[in-house]
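Q: I have a structure I would like to understand better, so I am pasting it below and will then ask my questions one at a time.
Each reported figure results from applying straightforward, stated rules to the coordinates on display, with no laboratory input. Please read these numbers as outputs of a predicted model, since none were measured by experiment. Counting neighbours? That spans all protein chains shown, and the Cβs are built from the backbone with ideal geometry, glycine included.
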Amino acid sequence: MSRIGKLPVNLPAGVTVTVDSANVVKVKGPLGELTQKVDPDIKVSVEGTVLTVSRPTDEPRHRSYHGLYRALINNMVIGVSEGFSVKQELVGVGYRVDVQGQILIFNLGYSHEIHFELPVEVKGEAEPVKKGANPVLVLKSCDKQLLGMVAAKVRSLRKPEPYKGKGIKFVGEQLRRKAGKSASAK
């Protein structure tokens, strides 16, 4: 059995899950509604406040889908009940971000500002900058996959460079640093 797939998903209060005849799972909660198409061979069943995912055989394809769909459904349940957030830090002199509705305006050391439009499902906010600290951008959403893609796209606007570490990085991310030039002894 799949160690992940055999675990039941507990549904918190306020979260409802429906599975239709086409094996599409809809999860509805206080923070939104998410849907996921599940392979027709995988069986998703809801009994009370517990959701279980089962597979018909031990075929490699079924074994891999078993854990995958259980993890995706669990992320959907967590997303609509608690939500997900990602914090990104802007490291560099003069680097900053302003949030105006669904538009992020970045100053990243280029000769121009970068305007980045967020999807409707993702909310962005800039934490107030403390003296001596770097600006921090917080992205929140109920959809973990979409949030990860948006965070990766924001990071790609100015990837951290390996010498001084300037750029957009995730809070707590360990960067690989290089030594740089060394003075030659003559």
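Q: Less than 11 Å from a label point 7 Å out along the Cα-to-Cβ axis of residue 4: which backbone N atoms in region 38-71 qualify, by residue?
A: 64-71
Q: Further, regarding this structure: Take 149, 76 and order them by how many other Cβ atoms sit within 10 Å, fewest up front.
A: Working: 149 13, 76 27.
Ordered by Cβ neighbours within 10 Å, fewest first: 149, 76.
Q: Could you tell me which of rounded, prolate or oblate describes region 26-93, using a ≥ b ≥ c as the square roots of the eigenvalues of the alpha-carbon gyration tensor, with rounded for a/c under 1.5 and, failing that, prolate when a/b is larger than b/c and oblate otherwise?
A: Working: a/c = 3.46, a/b = 1.69, b/c = 2.05.
Oblate is the answer for region 26-93, as a/c is 1.5 or above yet b/c matches or exceeds a/b.
Q: Please get the size of the charge dipole for region 99-186, origin at its Cα centre, with Cβ charges of +1 on Lys and Arg and -1 on Asp and Glu, quoted in debye to the nearest 20.
A: Dipole of region 99-186, to the nearest 20 debye: 780 debye.
Q: While we're here: Report, in debye and to the nearest 20, how large the dipole of region 9-81 comes out about its Cα centre when Lys and Arg carry +1 and Asp and Glu carry -1 on their Cβ.
A: Values: 8 positive and 7 negative charges, 20 e Å.
It works out to roughly 100 debye.
Q: May I ask you to derive the relative contact order of the chain, considering only C-alpha pairs under 8 Å and at least 6 residues apart, and to give it as an integer percent? Mind dumping the intermediate values first?
A: Details: 340 pairs, mean separation 32.5, N = 186.
It comes to 17 percent, rounded to a whole number.
Q: Any chance you could give the angle, 0 to 90 degrees and rounded to 10, that helix 60-81 forms with the longest Cα principal axis of the chain?
A: The angle comes out at about 70 degrees.
Q: Using only Cα atoms, find the angle between the long axis of helix 144-155 and the longest principal axis of the chain, and express it within 0 to 90 degrees, rounded to the nearest 10.
A: In the chain, helix 144-155 runs at an angle near 10 degrees to the longest axis.
Q: I've got another one for you. When the distances between all Cα atoms of the chain are binned every 5 Å from zero, what whole-number percent does each bin get?
A: Calculated over all Cα pairs of the chain, the distribution is 1, 7, 13, 15, 13, 11, 10, 10, 9, 6, 3, 1, 1, 1, 0, 0 percent.
Q: Another one. Using the number of other C-beta atoms within 10 angstrom as an exposure proxy, rank 110, 95 with the fewest first.
A: Values: 110 10, 95 18.
Final ranking by Cβ density, sparse to dense: 110, 95.
Q: Ok, one more. Report the gain in length on full extension from residue 125 to residue 37: 0.36 nm times residue separation, minus Cα-Cα distance, nm rounded to one decimal. Don't skip to the answer; put the middle values down first.
A: Details: separation 88, 0.36 × 88 = 31.68 nm, distance 3.13 nm.
Between residue 125 and residue 37, full extension yields 28.5 nm more.
Q: For the charge dipole of the chain, defined by +1 on Lys and Arg C-beta atoms and -1 on Asp and Glu C-beta atoms about the Cα centroid, which residue among 118, 79, 182 has the Cα displaced farthest towards the positive pole?
A: The listed residue farthest towards the positive side: 182.
Q: For 106, 170, what's the fewest-to-most ordering of other Cβ within 10 Å of each Cβ?
A: The order, fewest Cβ neighbours first, is 170, 106.
Q: May I ask for the distance between the Cα centers of region 1-73 and region 103-149, given as a whole number of Å?
A: 32
Q: Okay, moving on. Would you mind working out the magnitude of the charge dipole of the chain relative to its Cα centre, with +1 at each Lys and Arg C-beta and -1 at each Asp and Glu C-beta, to the nearest 20 Debye?
A: On the way: 29 positive and 18 negative charges, 254 e Å.
Magnitude of the dipole: close to 1220 debye.
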